[in-house]
Protein chains: 2
Amino acid sequence: MAPVKPKKQIDENLVKEKETAFAEFIQRKGLKTTRQRNTIIATFFRLQGHISVEELLNEVKKANPRIGYATVYRTLHLLVESGLVEERRFGDGLARYEGHSDVEHHDHMICLDCGEIFEFYNPRLEALQEKLAEENDFQIYRHRLELYGACKDKEACSHRKRKKVEQAAG
Amino acid sequence: MAPVKPKKQIDENLVKEKETAFAEFIQRKGLKTTRQRNTIIATFFRLQGHISVEELLNEVKKANPRIGYATVYRTLHLLVESGLVEERRFGDGLARYEGHSDVEHHDHMICLDCGEIFEFYNPRLEALQEKLAEENDFQIYRHRLELYGACKDKEACSHRKRKKVEQAAG
DNA sequence: GTGGAATACGAAAACAGTTTTCAAAATCGG
DNA sequence: CCGATTTTGAAAACTGTTTTCGTATTCCAC
């Protein structure tokens, strides 16, 4: 059993599906298809993990340097509204966006040392939450569980950390 | 069994203890005791629940209208540093502060309708998290679990909501 | 008590992340 | 391709929070 999901290859078909789904959403809402929006969502869905606005903007600018913050923010809001993307906040003050998985809901473990964000899912945990809510006459719409701590595999951890520093510098 | 804690009366002795503990902290750090800090912590510990900076400032101003944001922020940071208070963020963009309970750690249920924040604690939930972390070679320092949803007791819920609107208006 | 170094204060400016404004540009149904 | 409507990018505004700066306060040594 491996509850932490391995990084997966980008599935081009899945990306195309999502682009189509977004296009349909746009049409349904009577909005317009634009070059910028297409660039942004194409970029977003080809990135993995928990993307901050800045990270996304940086990538987007490689394709079209004239795209600015505002459009990225606006497009991300649309993506969230469309249900294709979820917004998360891990307490460092910035919003992060995550392609709404086709697979089940998941929670997060965040290493405070290397900054890695692991995903996990456990049905017993979900069931227990439901039970507790039930007992308190409360109906859960959504929940958030985050475990903050440290990787025990110190080697892998410091390797990730080093890589991150390099990225920030370069 | 009633996992949701009832609102408790203010225990003046406990408040005094905390004030003393903070005074000791201040001394230990070589900082100074000031009228403003005393007012702020006295006010804070007599409020219950998850206090935002603005809520606290409003209350503080009743005792001393000349106290400003900066001092409240600074004092809250000291309170957090002292370990007497915990900072929480529930995703509405503002920090909330909570007197560090003498009782066990707890999690939160947040009603998206009336805004009430319920506390709960369940040892099985804690144990399960530990187990999952173990399985993933991860060490938990702290965690956060928030259930967002709605009270099923609609009457109590809308009553709270009404009260909140009145408060905001008056 | 008083002097004086250290700290704290309050107001306002700075700040970071995000949202809004506005005039110009792009979209798209007719 | 017209024209109503939407979108864009740059810049300004906004929000919650932090920092700055000159003045005031604390408090230890005397």
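The values are calculated or read from the model by the stated rules, or taken from the named source; none is laboratory data. Note that this is a predicted model, so its numbers are computed, not measured. Here Cβ is always computed from backbone atoms with ideal geometry, including for glycine, and neighbour counts include all displayed protein chains. Accessible surface is based on the protein model in full, side chains and every heavy atom, while ligands, DNA and RNA are left aside. Shrake-Rupley method; radii C 1.70, N 1.55, O 1.52, S 1.80 Å.
How much accessible area per residue does chain A have, counting only protein heavy atoms and a probe of 1.4 Å, in square angstrom?
Working: 10090 Å² over 170 residues.
Spelled out: the 1.4 Å probe surface of chain A, per residue, equals 59 Å².
Between the label point of A:Lys61 and that of the same position in each other copy, find the distances and list them shortest first in nm, with every label point placed 7 Å from Cα along the Cα-to-C-beta direction.
Label point to label point, same position, other copies: 4.0 nm.
Report the B-A buried area as the accessible area lost on both sides summed, probe 1.4 Å, in Å² to the nearest 100.
On the way: alone 11930 and 11900 Å², together 20200 Å².
That pair hides around 3600 Å² of surface in total.
For region B:12-99, calculate the relative contact order in percent as a whole number, restricting contacts to Cα pairs under 8 Å that are 6 or more residues apart.
Numbers: 81 pairs, mean separation 25.6, N = 88.
Reported relative contact order: 29 percent.
Mind scanning A:Lys16/A:Lys61; A:Lys131/B:Lys161; B:Lys16/B:Lys61 and naming the pairs with a C-alpha gap bigger than 24 Å? Don't skip to the end; give the middle numbers.
Working: A:Lys16/A:Lys61 21 Å; A:Lys131/B:Lys161 26 Å; B:Lys16/B:Lys61 21 Å.
Beyond 24 Å: A:Lys131/B:Lys161.
Would you tell me the mean number of C-beta atoms belonging to other protein chains that fall within 10 Å of each C-beta in B:88-99, as a whole number?
Details: counts 1, 4, 2, 6, 0, 2, 0, 1, 0, 0, 0, 0.
The mean count of partner-chain Cβ atoms within 10 Å per residue comes to 1.
Out of residues 5 or more away from B:Tyr148 or on other chains, whose amide H comes under 5 Å of its own, with H placed 1.01 Å from N in the peptide plane?
A:Tyr141, A:Arg142, A:His143, A:Arg144, B:Ile110
Per-residue Cβ counts within 10 Å, from other chains only, averaged over B:130-138: what number is that? Write down the numbers at each step before the final one.
Working: counts 1, 3, 11, 6, 1, 6, 10, 6, 13.
That works out to 6 on average.
Relative to the Cα centre, what is the charge dipole magnitude of the protein assembly as shown, using +1 at the beta carbon of each Lys and Arg, -1 at the beta carbon of each Asp and Glu, and rounding to the nearest 20 debye? It would help to have the intermediate numbers written out before the result.
Details: 58 positive and 56 negative charges, 318 e Å.
In debye, rounded to 20, the protein assembly as shown gives about 1520.
Taking amide hydrogens as modeled 1.01 Å from N in the peptide plane, which residues meet the under 5 Å criterion relative to B:Phe138, leaving out close sequence neighbours?
For B:Phe138, whose amide H was placed from the backbone, the distant partners under 5 Å are A:Lys152.
Among A:61-69, B:140-148, how do they line up from the highest to the lowest mean number of other beta-carbon atoms within 10 Å?
Details: A:61-69: 12.0, B:140-148: 17.2.
Those peptides, ordered most packed to least, come out B:140-148, A:61-69.
Ignoring ligands, DNA and RNA, what percent of the 1.4 Å accessible area of chain B is carbon and sulfur? Mind dumping the intermediate values first?
On the way: 5100 of 10110 Å².
The nonpolar share, carbon plus sulfur, comes to 50 percent.
Taking θ = phi - 60°, what integer Hz values does the Karplus form 6.51 cos²θ - 1.76 cosθ + 1.60 yield along region A:109-118, in sequence order, with x for Gly and Pro?
10, 10, 7, 7, 8, 8, x, 4, 10, 9
How many nanometers, to one decimal and shortest first, lie between the label point of A:Glu135 and those of its other copies, if labels sit 7 Å from Cα toward Cβ?
From this label point to the equivalent ones elsewhere in the assembly: 2.2 nm.
Pop out a list of residues from region B:139-162 that are at least 50 Å² less accessible with all the protein chains around than in their chain alone; 1.4 Å probe, no ligands or nucleic acids counted.
Flagged in region B:139-162: B:Tyr141, B:Arg142, B:Arg144, B:Leu147, B:Tyr148, B:Ala150, B:Lys152.
In 10 Å bins starting at zero, report the fraction of Cα pairs in chain A per bin as a rounded %.
Whole-percent P(r) values from 0 Å outward: 8, 31, 35, 20, 6, 0.
Okay, helix-only estimate at 222 nm for the protein assembly as shown: each DSSP H run of n ≥ 4 adds -39500 (n - 2.57), divide by all residues, round to 500 deg cm²/dmol; what do you get?
Working: 12 runs with 166 residues, N = 340.
Only helices count here, giving -15500 deg cm²/dmol.
Translational diffusion coefficient, Stokes-Einstein: compute it for region B:23-64 using the Kirkwood radius over C-alpha pairs as Rh, at 20 °C and 1.002 mPa s, and state it as an integer in µm² s⁻¹. Could you put the intermediate results ahead of the total?
Numbers: Rh = 11.1 Å.
The Stokes-Einstein estimate is 193 µm²/s.
If you count, for every residue in A:118-129, the Cβ atoms of partner chains within 10 Å of its Cβ, what is the mean? Please list the in-between numbers first.
Numbers: counts 4, 0, 5, 1, 5, 0, 5, 7, 0, 0, 4, 6.
That average works out to 3.
Show me the ranking of peptides A:74-82, B:152-160, A:116-124 by mean Cβ neighbours inside 10 Å, starting with the highest. Can you show the working numbers first?
Details: A:74-82: 17.4, B:152-160: 13.4, A:116-124: 15.8.
Final packing ranking: A:74-82, A:116-124, B:152-160.
Please enumerate, by chain and number, the aspartates and glutamates with C-alpha under 18 Å from the C-alpha of A:Lys18, excluding those fewer than 8 residues away in the same chain.
In chain and number order, the partners are A:Glu81, A:Glu86, A:Glu87, A:Glu98, A:Asp102, A:Glu104.
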